[in-house]
Amino acid sequence: MTYRFLRLEHDDDGIARLLLNRPPLNVLHIPMLEEMADALDVVGADGTLKALQISGADRAFCAGVDVGDHAADRVEHMLTLFHRVVARLMGLEFPVVAAVHGAALGGGCELMMACDLAVARADARIGQPEIQLAVFPPVAAALLPRLIGRQHAMELILTGRVLTATEARERGLVCEVWPAEGWDERVREHMARFAALSGPVLRLTKRAVDGGVYLDPDDAMQRAESLYLNELMRLRDPHEGLAAFIDKRRPVWQEA
């Protein structure tokens with residue numbers, strides 16, 4: 001697919017890469033959100049994918065949503081589109097990794113938190129500064145307390161404080177912080193971890209984790225055990241992985 005504000009690439013190893021491409025700061029606007037919704041439909045329909053990487057071109061990951069699209073005659077359409085993008089992102093069956101450099105602010109931060117994992121370059125600045133414009137971030141209001149707890153979420157949303165990459169890692173918003181030198185290579189190595197694994201097992205594992213987020217712990221464990229026994233162990237790859245470990249050899253995955 002060809003897009004004006006995005007670049008979508010699909011590697012032979014089962015890794016897709018979605019690049020936000022509206023330099024210099026990849027500020028989202030309605031046409032770009034329309035393209036994102038379409039691109040996420042495309043990758044979501046690809047049964048061969050093992051993981052998706054989302055990153056930004058030029059100086060930033062994403063510095064938010066265009067202030068002009070918050071105008072009274074466009075804000076409802078913009079929010080509907082943005083929420084559609086976030087829902088499609090969170091609904092993808094395979095792992096999604098945000099590779100963040102520069103600014104991840106406002107809607108950019110919300111995109112990041114809708115991913116399963118985030119890694120950050122040391123220069124990243126991450127936050128929800130909307131309160132300074134006398135508005136609040138609806139997606140962050142829903143997701144951020146779940147990710148980092150109510151108190152940390154309140155601090156970021158109510159003050160508009162912008163975190164360094166290290167501070168974001170300390171609060172659990174990102175899992176790794178790497179220096180600018182060698183950044184691209186570190187991200188490639190990180191994504192290669194998924195490429196080496198069984199695609200169907202990655203998808204089932206994500207279902208097991210996500211399905212238990214809002215459940216009582218006992219119910220969550222029973223749900224995960226049911227997935228394990230009734231779906232996972234009916235695949236060939238788990239048996240191949242266990243056999244390869246016993247035989248001290250590399251596994252050869254049987255399923256896409």
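The values are calculated or read from the model by the stated rules, or taken from the named source; none is laboratory data. Quick caveat, the model's predicted, so the values are computed rather than measured. Every residue, glycine among them, receives a Cβ derived from its backbone with ideal geometry; neighbour counts consider all protein chains shown.
A few notes on this one:
- Set side by side, the residues 207, 169 differ, and just one is assigned by TED's automatic domain parsing to the domain that holds residue 54 and out of contact with any Gly (no Cβ under 8 Å at 6 or more places or on another chain), which is 169.
- Evaluated against (1) assigned to a helix (DSSP H, G or I); (2) out of contact with any helix residue (DSSP H, G or I) (no Cβ under 7 Å at 6 or more places or on another chain); (3) surrounded by 13 or more Cβ atoms within 10 Å (Cβ to Cβ); (4) not basic (Lys, Arg), residue 219 falls short on exactly one condition, (3).
- Condition check for residue 214 on (1) part of a loop (DSSP other than H, G, I, E, B); (2) surrounded by 12 or more Cβ atoms within 10 Å (Cβ to Cβ): one failure, at (2).
- Looking only at residues of the stretch 1-54 that are touching a helix residue (DSSP H, G or I) at 6+ places or on another chain (Cβ under 8 Å) and part of a helix (DSSP H, G or I), we find that the one that is farthest from residue 66 (Cα to Cα) is 44.
- Condition met for residue 188 (at pLDDT 95 or above, out of contact with any helix residue (DSSP H, G or I) (no Cβ under 9 Å at 6 or more places or on another chain) and basic (Lys, Arg)): yes
- All positions within the stretch 1-36 that are touching a residue at least 40 places away in the same chain (Cβ under 8 Å), surrounded by 18 or more Cβ atoms within 10 Å (Cβ to Cβ) and more than 15 Å from residue 97 (Cβ to Cβ): 25, 26, 28, 33, 36
- The condition of being surrounded by 15 or more Cβ atoms within 10 Å (Cβ to Cβ), in the same structural domain as residue 126 (by TED's automatic domain parsing), closer than 11 Å to residue 96 by Cα and small (Gly, Ala, Ser) holds for only one of 51, 39, 57, that being 51.
Let's see how each residue does on (1) outside the structural domain of residue 43 (by TED's automatic domain parsing); (2) within 22 Å of residue 35 (Cβ to Cβ); (3) surrounded by 24 or more Cβ atoms within 10 Å (Cβ to Cβ):
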position	(1), (2), (3)
87	no, yes, no
100	no, yes, yes
104	no, yes, yes
114	no, yes, no
174	no, no, yes
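- Residue match in the stretch 139-162 (condition: within 15 Å of the chain's Cα centre (by Cα), outside the structural domain of residue 210 (by TED's automatic domain parsing), under 28 Å from residue 203 (Cα atoms) and of a type in the set (Val, Ile, Thr)): yes
- Checked against (1) in a helix (DSSP H, G or I); (2) in contact (Cβ under 8 Å) with a residue 60 or more places away in the chain, residue 173 meets all criteria but (1).
- Of residues in the stretch 176-186 being under 18 Å from the mean Cα position of the chain (by Cα) and not in a helix (DSSP H, G or I), the one surrounded by the fewest Cβ atoms within 10 Å (Cβ to Cβ): 176
- Yes/no for residue 143 being out of contact with any His (no Cβ under 7 Å at 6 or more places or on another chain), part of a helix (DSSP H, G or I) and either buried (at least 16 other Cβ atoms within 10 Å of the Cβ) or of a type in the set (A, V, I, L, M) (or both): yes
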